[in-house]
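This report concerns only the one structure given below.
The values are calculated or read from the model by the stated rules, or taken from the named source; none is laboratory data. Note that the structure is predicted; figures quoted are calculated from it, not measured. Cβ: placed from backbone, ideal geometry, glycine included. Neighbour counts: every protein chain shown. These area figures cover heavy atoms from the full protein model, side chains too; ligands, DNA and RNA do not enter into them. Shrake-Rupley method; radii C 1.70, N 1.55, O 1.52, S 1.80 Å.
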Amino acid sequence: MTSTFGHNFGGLTIDQIEVGMQAFYSHTVTDADVKAYAGLSGDNNPVHMSDEYAEKSRFKARIAHGLYSAGFFSALFGTRLPGPGCVYLSQNLRFKKPVYLGDTVVAEICVTSINVAKKIVSFNTSCSVKGKVVIEGEAEIYIPRPSPQQAKI
């Protein structure tokens with residue numbers, strides 16, 4: 001089953017999640033985003049902050065921090081699928097291409113497996129720009145809410 005979720009502020013129980021469920025988030029990266037992320041993370045690498053430096057780099061222009069775009073996965077997990085109350089257990093990432101200021105990043109998560117006994121859901125995660133994958137990986141999320149059957153016990 002493939003579903004697309006909008007905002008789901010109630011969160012899903014483990015029994016409501018199915019393999020193939022997906023959620024998406026998109027955001028256009030701005031200069032203000034990159035500067036704010038640099039301020040929060042402490043990563044002031046000139047490839048992110050300096051036009052002059054970045055123009056001489058292999059990227060030829062400033063790029064966004066890789067973890068900034070990867071942070072969109074957290075937004076999806078915490079607000080859409082499965083939603084509030086879930087806890088990130090793990091995430092691996094492979095950075096395939098740079099994200100430039102002005103790029104619109106589309107983050108996508110897709111359920112790949114569910115371990116009901118451990119309340120763990122596994123996901124494929126990816127970010128793309130103009131249809132090209134810039135980040136890919138996998139994540140595991142813990143669902144602390146009881147299933148409806150467990151709530152009756």
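So what's the projected area for the chain, the Cα convex hull averaged over all directions, in nm²? Write out the running numbers ahead of the final one.
Values: hull surface 38.5 nm².
Over every viewing direction, the Cα hull of the chain projects on average to 9.6 nm².
Check cross-link reach from Lys132 to the lysines: straight Cα distance under 21 Å, and skip same-chain residues fewer than eight apart.
Lys60, Lys96, Lys97
Quick check: the angle from helix 66-79's long axis to the longest principal axis of the chain, C-alpha only, nearest 10 degrees?
30
For the chain, calculate the relative contact order in percent as a whole number, restricting contacts to Cα pairs under 8 Å that are 6 or more residues apart.
Numbers: 315 pairs, mean separation 44.2, N = 153.
It comes to 29 percent, rounded to a whole number.
Among Phe77, Phe59, Phe95, which one shows the highest mean-square fluctuation when the chain is modelled as a Gaussian network with alpha-carbon springs under 10 Å?
Between Phe77, Phe59, Phe95, it is Phe59 that shows the largest mean-square fluctuation.
Given a 1.4 Å probe and the protein chains all in place, what does the accessible area of Ile14 round to, in Å² to the nearest 10?
Using a 1.4 Å probe on the heavy atoms, I get roughly 0 Å².
Using a 10 Å Cβ count of at most 14 others and DSSP loop calls, identify the longest part of the chain lacking such trypsin sites (Lys or Arg not before Pro).
On the way: sites that count: Lys56, Arg58, Lys60, Lys96, Lys118, Lys130, Lys152.
Result, exposed sites excluded: 1-55.
For segment 44-153, what does the accessible surface come to per residue with a 1.4 Å probe? Please give it in Å². Don't skip to the end; give the middle numbers.
Numbers: 5710 Å² over 110 residues.
Per residue, segment 44-153 has 52 Å² of solvent-accessible surface.
Considering only protein heavy atoms, what is the solvent-accessible area of Val47 at a probe of 1.4 Å, reported in Å² to the nearest 10?
Its heavy atoms expose roughly 10 Å² to the probe.
Accessible area of the chain with a 1.4 Å probe: how many percent of it is carbon plus sulfur? Working shown, then result.
Values: 4440 of 8090 Å².
Ligands and nucleic acids excluded, carbon and sulfur reach 55 percent.
For segment 101-145, what does the relative contact order come out to in percent, with C-alpha contacts under 8 Å and a separation of six or more? The partial results should precede the final answer.
Details: 75 pairs, mean separation 15.2, N = 45.
Relative contact order of segment 101-145: 34 percent.
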